[in-house]
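Please treat every number below as a calculation from the coordinates, not as lab data. All of these numbers come straight from a predicted model, not from anything done at the bench. Cβ: placed from backbone, ideal geometry, glycine included. Neighbour counts: every protein chain shown.
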Amino acid sequence: MFRNLALACALALSPLVWAADAPAAPGHDHGAPAADSKAPEPKESMFLSVDPKSPKTARLVVVSAYNAVNYGMNFNGFAKGGARYTIPQGWTVSVVFTNNSPVPHSAIVVEKPVVKKLQMGEPAFKGASTPYPVRGTTGKTGVPFEFVADEAGEFAIACGFPSHSANGHWIAFDVSATATAPSLQFGDKPAYVAR
Ligand SMILES: [Cu+2]
């Protein structure tokens, strides 16, 4: 009897719980609650390697809605520039993008100031986005894309779905004229260098 009562209460309360978890910004279809809550703690080596067969090619794994951080609007568990790839200028960047959420997301490399905009426009490098970045894709089938990071500067990997990047769905992507190996930094931890 008490158990049934408790269950009834829990069911009655659950919509409120979800409402409390809902994104703060109204009017946007964000990733909650679909992001993978069982995702393992992100580790840099999962997301960056150097292609052993192809010199000067960095392989990036970019997972949208990796976990519940920023309502699923994250890449590899990081949002708002909280992770930073650094790629030596002139290297080829080979990306496999997946999306853990049924909410569409995408990945597009843009100049850093663009992340504040509602629309991302064209990629900063030729070929540097998933297909249809505005519409986005869903699913864990990898969507590959490849480009040459031929210009040094501060860029970002952003979600091209309208308004997502402005709500934090981006991580930093630097192209360095001095770096000799690609690296990935999570927060203020020391950068992981792939060799
Ligand atoms: Cu997104």
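Some observations on this one:
- Under 14 Å, Cβ to Cβ, from PRO52 - net charge with Lys/Arg +1 and Asp/Glu -1: +3
- Over all other residues within a Cβ to Cβ distance under 9 Å of ALA166, the charged ones net out to +2, with Lys and Arg as +1 and Asp and Glu as -1.
- The length gained by stretching the chain between ALA39 and LYS140 to full extension, at 0.36 nm per residue less their Cα-Cα distance, is 35.0 nm.
- For GLY81, residues with placed amide H under 5 Å, excluding near neighbours: TRP170, ILE171, ALA172
- With 0.36 nm allotted per residue and the present C-alpha distance subtracted, the VAL61-ASP150 stretch has 30.0 nm of extension available.
- Among 162-175, 110-123, the order from most to least packed when residues are scored by Cβ within 10 Å on average: 162-175, 110-123
- Theoretical gain in end-to-end length, ALA181 to GLU122 [0.36 nm per residue, Cα-Cα removed]: 18.5 nm
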